[in-house]
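The values are calculated or read from the model by the stated rules, or taken from the named source; none is laboratory data. These numbers come from a predicted model, not from an experiment. Note that we place each Cβ from the backbone using ideal geometry, even for glycine, and neighbour counts take in every protein chain shown. For accessibility, only protein heavy atoms count, side chains too; no ligands or nucleic acids. Shrake-Rupley method; radii C 1.70, N 1.55, O 1.52, S 1.80 Å.
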Amino acid sequence: RAPSAKRTVSLRTRQMKRGGKGPLLHEHTGSSYFALRELVGGGRLNLSPGEAQWAAGGLRVKPKTYINVDWEKSVADAALAPRVMIGLFRLGAPTNESPIVTKTVHRYSTGRVSPAGPVVAQGRVPFFAPRSAGIFVFRLLDIPVSTKVYAVSVPLHVQVSWDGLLPMLDQSLEQLATFGRGSKLGALAHLAHVCECLPATETSIVTGDVLATCGDRLSRCVGLADDSLSKHIPGPSTIHHARREGLLQLHEGKTDNDGCMQPGSRRDTSVSPSKPCDDEAIQGPTAALDKSNGEKVKNRTLDVRKARDFHTVARKFFLALERNPAAMALISGPSVALIKARSETWCSILEEFWPDKALLDEFRVRGHAYAPSHDHATMMVLHDGKETSYTKNIADLDRSAKHAFPAVFPNGDFFELRDLTLRRIEDYLRGTVHPTVTLQIFGSSANLFGFLGADLDMCANVPLSALTEFANATAMQELSAKMTNDCRQAVQPQISWRPQMSWRHLIRVIGDVLQRHQSARNVAIRDTARVPIVLFAERESGLECDVSTHNPLALRNTQLLRAYALIDWRVRAVAYLVKLWAKARQINSPTEGTLSSYGYILCVIFFLQAIADPPLLPSLQVAHHVSIDHECRRLTSEISENEFSDHPFDPGKKVNLFFYPVSGNPKDPAFAKLRSNAKRNALTVAELAAGFFYYFAWRFDAQSIAVSVRVGHPVLKALKQEHAHWQVTSRLAIEDPFEPWYDVAHVLKQHKHQRIRLEFMRAHDILCHFRPDARAKDVLQALLLPSEDSTTQSQLHPKDSAPDLGVDREEICKED
């Protein structure tokens, strides 16, 4: 029989406050919020479908596939029945309140996985896969429903099948035709997924009449989506830019039915045209408005946000149709023409549709956007081996970059200076702090991606036994001056230090002794930071230095980046070129809301892993990607893929520090295999850089996916929302290799994200259209023009040329 389904009772959001403990602090922003869902662990879910295929990050099944869900949960006592149930949810559902279906656990058994392990209750619950396409997960929950989630299954990708296509289209068509705006957004998102995943060929069981009916339904969906989109054109940022640039005439108070401003309406003009406006800039000041006008402003702001969401999801639907020939072949000719016309009015910077193509072209002429271009492979096919401006610019960039790299690549003196400085500081700390103090270099001075003037980052360590002894002894010395002998004897046995307190105490002592050191100046102690640190400048070397304590993640991260750099010299070359470009364009400062240099390096490594064809790099944190032959498998079989340890700064969290070691020795068979695999990609540095700029300008879907060096391919933002409570936005997101819950790009604001994407477009546009002139003699200088002097396509070359990167040393183009 079909498994029975039991619906859960909906809870009010205000009841879900994590047991009444009050608001939590957001890990990135520091703002308070109430947790609606909390992954607490202590359980496990395994899926056993009848027919399934393993896909990247989950299982692919057909609709209504029979699935057995095996569950486990730790319990305090084998005699106590676990009060749990299993719920099926859309991937990334923010709460546990609205499952598709839930089933209460009735039959189970208890036992111990190991003699010393906890008591575990376990059982099996049957389910059917949903009828509609999409990505789903199972959650192990409490009874009654609370915020706690004990386990989450792997994602379940329900495939789109030709025999089940018509019911899906009928459902979406009904939502687009009758329901409210929220249902329309969901319907368009579902249609986008269906069109994206539709197989290339139909099965034999689908007749021509059914295909014709599917085509009619899909064409009607396209028409209804276009009609709904027309009510929200122009978008909130589009009208602001058009008015700011004088492209639209100004008239008072004209709005559409949804509260969005029509062409010619009056808005606040205090926002720079190079920075798309936020909601606050759109709605203007409201302090002087009365209550009724304030409500109108709030409603208008809400409508603006809804319009922005509708632009994004409509674009996703149209793009899915364009990229899937099987779906595009279903719809009628007028629908195809409508989609192409809409695509021509899409602005990739503002992520909105414009009223017409003429206005968008004018916007591009003014330098605020660029027209879509081809990638490197397509450009080479179009040029058919003939020398064009593109091929000439690529060759010019490759030649100029190789000539410039010796001026920025670290040399022997770079590492020798830092080693000598570390020894001087280490000797001083051993004589003044503790004889077991050791210093290790991490960051840009050790990961092979640093510039010649990079700061010297050091981590101080002492054995744990020595740390406790040192901390207790230092504490007693501080107490001795304030206490009598009797009181001191009474307190001494009670002194107890936690490791975190000891490390912070150690950094304070290091800061105090460095303040008395003659070679250290401008000493600043930050012992209350998440990572305690001492900043100072070393007189003899002239280096800016910092010392932190107990920072294993930073050390391991440095080793990981260094391992990637050793595999192929082009990894460093592309990364240095991107870092130079980001610095020149002033988009590499997290304090100003842009991306850090570390974030750009991760993007380069990700591109070389997942996008370069064939891949230049594997994922070193996934060993089977490296071990592709028998010999390498034998070598890696002795390495544990799980090196979990406690997080040094977030108690209760575990981090996996494993990655495949790279020796750097050409005689090592495993390292030789890595280099051999990298050589299969024959692209030059300039060709790889061109592909990098093109991908992040035109192909990277920041709305749906995130950069992940850890797995070596894009990860769904909805999956990060499910496991790490990431906020799904249209901004660039980068997963940290060792802290997968942490977004390296969380500092990005929307207008800064748009600025960075505009710079990616500008860089690729230069490679396609650059012509030498007096202001910039080659492509490299054009790429590195200071941003404040170059903001438009017609002014790519300012009066001040780019920095001179010429060198006296030989060009570096060898691998070893």
Taking amide H positions as placed 1.01 Å from N in the peptide plane, with prolines and chain starts having none, which residues 5 or more places from Val101, or on another chain, fall under 5 Å of its amide H? Leu88
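Set the Förster radius R0 to 60 Å, insert the Cβ-Cβ distance between Ala337 and Arg516 as r into 1/(1 + (r/R0)^6), and round the FRET efficiency to 0.05. Walk me through the intermediate numbers first.
Working: r = 78 Å, r/R0 = 1.29.
Here the calculated transfer efficiency is 0.20.
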Residues whose built amide H sits under 5 Å from the amide H of Val119, excluding neighbours closer than 5 in sequence, are Val75
Answer with one residue from Phe136, Ser153, Val101: the one whose Cα lies farthest towards the positive end of the charge dipole of segment 98-175, charges on Cβ with Lys, Arg +1 and Asp, Glu -1. Ser153
Hey, got a sec? Which trypsin sites (Lys or Arg not before Pro) in segment 349-438 land in a DSSP loop and have at most 14 other Cβ atoms within 10 Å? Lys386
Residue-ordered couplings for segment 688-701, obtained by feeding phi - 60° into the Karplus form 6.51 cos²θ - 1.76 cosθ + 1.60 and rounding to whole Hz (Gly and Pro as x), are 5, 5, 4, x, 4, 5, 5, 4, 7, 7, 10, 10, 6, 8
Round to a whole angstrom and tell me the spacing of the C-alpha centers of segment 349-363 and segment 717-780. 21 Å
For segment 632-768, the accessible surface attributable to carbon and sulfur atoms (probe 1.4 angstrom, ligands and nucleic acids excluded) amounts in percent to 50 percent
Extension gain (nm, one decimal) between Leu166 and Lys667, 0.36 nm per residue minus Cα-Cα: 174.4 nm
Amide H within-cut-off set for Ser332, under 5 Å, with H built and near neighbours excluded: Ser219
Could you compute the FRET efficiency for Ser109 and Ser48, with r as their C-beta to C-beta distance and R0 at 22 Å, rounded to 0.05? 0.85
Ordered by residue, what ³J(HN,Hα) values in Hz, to whole numbers, does segment 97-105 give under the Karplus form 6.51 cos²θ - 1.76 cosθ + 1.60, where θ = phi - 60° and Gly and Pro are x? 7, 10, x, 5, 7, 10, 9, 7, 7
Added length on full extension, which subtracts the Cα-Cα distance from 0.36 nm per residue, Glu344 to Arg424: 22.5 nm
